[in-house]
Structures are given as C-alpha cells and as structure tokens.
Amino acid sequence: MSDAVHNLGVHDKLGRGLRDLRISVTDRCNFRCRYCMPKEVFGPEHRFLPRSELLSFEEMERLVRAFAGLGVRKVRITGGEPLLRRHLENLIEKIARVPGIEDISLTTNGSVLTREKARSLRAAGLRRINISLDALDEPTFQAINDVAFPVSRVLEAIDHATAADLAPVKINAVIKRGVNEHAILELAEHFRGTPHVVRYIEFMDVGSSNGWRMDDVIPAREIIARIHAVHPLEPVHPAYHGEVAKRWRYRDGAGEIGVITSVTESFCRSCCRARVSAKGDLFTCLFAQRGYSLREAIRSGAGIEALQQAIVQVWARRTDRYSEIRTEATAARDKVEMSYIGG
Ligand code: SAM
Ligand code: SF4
Ligand code: SF4
C-alpha cells in the first residue's frame, strides 16, 4: 500500500492509522458457543436488537464510504452470525463499489452457507472467507457450539466455499485448554495438503460472560510446538504490516497454518482496526468498555464529511492497547460482548 494513501488518513495517539473495518451485521446467532454466547447469558430471555435498531445496508454503505476516505482499505463482515442477515450479498455488492475498498471478507460459522449462497456472495464481490471450526470430532464440536450442530455440515460449507472460488478458506479454531486441545493436531492433519489455512486463536477474555482464566489459554508457542513435533514447521514472514496472524509453513510443502497470539504476544502497536456494531456504534478496540454512536448522525442525514469528522474525533483520541495491559483483573471488567461488537 502506498504511503500517499496512508498519509491522507487519521492517526491515533499512538500513531496508528485507520486501515481495517469490521462491521457486525447482526447480534444474533444460531450457535451458543461456550466462549462467546453462553446459554446462561444468551438464553430465551435475552433481548436481541430489534430490527429498527439495526443499520440498513444503505446506512452501512455510507459508513464504509466515510471510512474509506479516511484510509480504510479492508472490510470484514462479521456478527453474530452474519449469514443470518438476509440478502447479505446486497451489502457486499454495495461495499465492493466503494472507491478505495480493496478487500472484502466474511467470518461465518458456515451453518447456512449453501453452494448457491457461496456462489452469490462471490459474485457480489466477496474475496475471502473465514469459517470457524474448533474440532473435528462430533462430541467436542457439538459441546462447544452447544446447539448440537454437526461438524460434517461445516466441512460441507468449506467445500461450497472452495467450489465458489473462495479458497483458500481460513479455518478459525479457538483453542481452550482441557476442552479441545486434541483438535490442534487433528485440524492440522485434516487440512495439511489442502489450500486451506487453519488459524489457531488463543482463547480471549472478550465480553464479560465467558468466564475467562489465563489457565485456560494455550499459548500459541505451545500450539506451534505440538504441531512442529509431528510435522516440522518454519516461520513465514508477514505479508504486510499489521498482519494479525503469525504464519508458519510445513517444511515438507504441505501448506500453511497461522496463530493469533492475542493474549501471549499482543499486536496492539500495529492495530489499525475499527469496529462498527450492528446498530452503528463505533468501537476502537475489541475489549472496549464503550462505543460511540454513529447512527444518530447517519439517520439525521449527516453527509460523508460530517460522518468523517465524528470518526476522526474518536480515532484521534484513541489510546487502546488492551492486550498489552491484560491481567485477570482487567478480564473481569464489564466489556462489550463479541457477538455484539463483531469478532
Ligand atoms: N459467527 C461467526 C463465526 O463464529 O465465525 C462470526 C462472529 S464470531 C464472534 C468471530 C470469531 O470470533 C470466530 O472465529 C470465533 O471463534 C471467535 N471468538 C469468539 N469468541 C472468542 C473468544 N472468547 N476468544 C477467541 N476467539 C473468539
Ligand atoms: Fe455465534 Fe460465532 Fe459467537 Fe459462535 S463464535 S456464538 S458462531 S457469533
Ligand atoms: Fe487492537 Fe485492542 Fe486487540 Fe490491542 S487489544 S490489538 S488495540 S483490538
């Protein structure tokens, strides 16, 4: 990416630009992953956002225009489960037309990704897809998603994405000690020799309902060591500044894996990512305790420049570096839930 584009943008208090945007399109999900939306908190009584509070696709498109003018080049659509939002391809089509946006990706649990849906998302302009899968054996996976959703259907979704020319698929696997550590090697062996890239994510203290403890985290270096002991690995240099996953490749040429060291090796210093919730709140950190509503401005007819001014005001004051200062005490803080803010 050229410096010229970079210089047009806004910088926060730690000199970080604004390059990536994650938009949560819904706070709803058909899974109840224990580490994200535990049933005790997200049970039948839980009140999700009413339709009227959600940003429309037109409103999201305007926001993306505003962000693109401030330096954002990559947009990731997430949630909740983003594919529960109907006609998501319409949003992707709109974003793909925004000048400056070079890359659109989607993170999904894959549960409703049919062959036709994968094709229409690709045709609308989706370039990359991450599909979450934390284990390959049914008892473990079904206990994690807590709605008895079968592994086989997620594997089919990966096939559909591949058939729609969305490969290589990134397979997101959150690893929690004592829960799915056996999946580390099983996932590696299943996807070795395919174009897909398993990305192991350290279990994080997002929100305030997942009961996070440092003892439950398997550090990325341990994940790598476990795979390396059986299938030797070597590091791959980052493809670009600010790349979140640390990449490794199999020495025998069977492909790549990645680790997301959000807990044990923070990457706050290069964090250029803003998040917008489904109702239009801007968050400057995944572990934020509050957001800044942009919806009022959008709904009162503010132009792109006015939206940009609102975003700049927030970004210019940003000092977030939560992963650098995390302790078990900060983990207990009242933070925004990940299904709301978008993972
Ligand atoms: N529902 C979609 C999915 O699961 O892919 C998109 C939203 S989900 C919040 C985005 C990603 O965040 C998923 O890959 C999920 O595994 C990850 N995630 C959720 N809670 C997490 C936690 N406590 N620690 C680490 N990753 C987490
Ligand atoms: Fe749903 Fe994704 Fe959270 Fe699981 S991780 S509960 S699939 S939003
Ligand atoms: Fe960015 Fe916050 Fe994560 Fe640090 S903790 S990398 S500032 S989202």
Q: Answer yes or no: is there a residue in region 219-234 that is without any contact (Cβ under 8 Å) to a residue 24 or more places away in the chain and in a strand (DSSP E or B).
A: yes
Q: Look through region 113-162, keep the residues that are of a type in the set (A, V, I, L, M) and closer than 17 Å to Ile175 by Cβ, and return whichever of them is nearest to ligand 1 (Cβ to nearest atom).
A: Ile131
Q: State which residue is modelled with the lowest pLDDT when the search covers only region 209-218 and only residues that are crowded, with 16+ Cβ neighbours inside 10 Å, assigned to a loop (DSSP other than H, G, I, E, B) and within 11 Å of ligand 1 (Cβ to nearest atom).
A: Ser209
Q: Go through (1) touching a Phe, Trp or Tyr at 6+ places or on another chain (Cβ under 9 Å); (2) within 16 Å of ligand 3 (Cβ to nearest atom) and name the single condition His231 misses.
A: (2)
Q) Hey, does region 99-108 have a residue that's free of Cβ contacts under 8 Å to residues at least 12 places away in the same chain, over 19 Å from the mean Cα position of the chain (by Cα) and over 25 Å from Asp146 (Cα atoms)? A) no
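The rows are residues; the columns are (1) among the charged types (D, E, K, R); (2) away from ligand 3 (no atom under 16 Å from the Cβ).
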residue: Gly193; (1), (2): no, yes
residue: Gly207; (1), (2): no, no
residue: Lys246; (1), (2): yes, no
residue: Tyr250; (1), (2): no, yes
Q) Taking region 56-112 as the region of interest, how many residues are assigned to a loop (DSSP other than H, G, I, E, B), within 16 Å of ligand 1 (Cβ to nearest atom), within 20 Å of Ser277 (Cβ to Cβ) and of a type outside the set (D, E, K, R)? A) 3
**Q.** Criterion: over 15 Å from the mean Cα position of the chain (by Cα) and at pLDDT below 95 - qualifying residue of Glu265, Glu234, Glu222, Glu256
**A.** Glu265
**Q.** The one condition in (1) more than 16 Å from ligand 3 (Cβ to nearest atom); (2) in contact with a strand residue (DSSP E or B) (Cβ under 9 Å, 6 or more places away or on another chain); (3) within 18 Å of Pro232 (Cα to Cα) that Arg199 fails to fulfil
**A.** (1)
Q. Would you pick out the residues in region 312-327 that are touching a residue at least 40 places away in the same chain (Cβ under 8 Å), out of contact with any helix residue (DSSP H, G or I) (no Cβ under 6 Å at 6 or more places or on another chain) and part of a helix (DSSP H, G or I)?
A. Val312, Trp315, Ala316, Tyr322
Q | In region 83-104, the residues that are crowded, with 19+ Cβ neighbours inside 10 Å and within 16 Å of ligand 2 (Cβ to nearest atom) | A | Leu83, Arg85, Leu88
Q. Which residues, taken from region 272-286, are under 20 Å from Arg16 (Cβ atoms), within 16 Å of ligand 2 (Cβ to nearest atom) and assigned to a loop (DSSP other than H, G, I, E, B)?
A. Leu286
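The values are calculated or read from the model by the stated rules, or taken from the named source; none is laboratory data. None of these values were measured; they are calculated from a predicted model. Note that we place each Cβ from the backbone using ideal geometry, even for glycine, and neighbour counts take in every protein chain shown.
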